[in-house]
């Protein structure tokens, strides 16, 4: 979300510095002049008004990055969901997937209490 970078030209320079030659970077953001496919702004019109008034425009981002020798290869419209229900289902499934991908032993090993509990359970088994 590059709109949170306070100095976009400096951020672009840093990206240029760390990219390999011919490297690519994906920049994904809600640009103030390209909000139509984003459900948040359809369902919450006040958020859209704020973003349109204060948000970063696509051309501003392209200018900042091209000023550092990075070129825009492709722009893609961001689409989220056609309805609030569809959006909720999509986000809910994402939360479940995240939890399923977390190794419970690794997760527990981050907390001393959990390690002690795991040792007690192992002893009693």
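The values are calculated or read from the model by the stated rules, or taken from the named source; none is laboratory data. Keep in mind that this is a model prediction, so the values were computed, not measured. Cβ: placed from backbone, ideal geometry, glycine included. Neighbour counts: every protein chain shown.
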Of all residues being surrounded by 12 or more Cβ atoms within 10 Å (Cβ to Cβ) and over 30 Å from residue 16 (Cβ atoms) in the range 45-83, which is modelled with the lowest pLDDT? Just the residue, please. 80
Residues of the range 13-34 being closer than 23 Å to residue 53 by Cα, crowded, with 16+ Cβ neighbours inside 10 Å and modelled with pLDDT of 90 or more, in sequence order, are 32
Is the range 67-77 home to any residue that is touching a helix residue (DSSP H, G or I) at 6+ places or on another chain (Cβ under 7 Å) and under 29 Å from residue 91 (Cα atoms)? yes
Among the residues of the range 1-10 satisfying the criterion of being more than 16 Å from the chain's Cα centre (by Cα) and without any contact (Cβ under 8 Å) to a residue 12 or more places away in the chain, which is surrounded by the most Cβ atoms within 10 Å (Cβ to Cβ)? 10
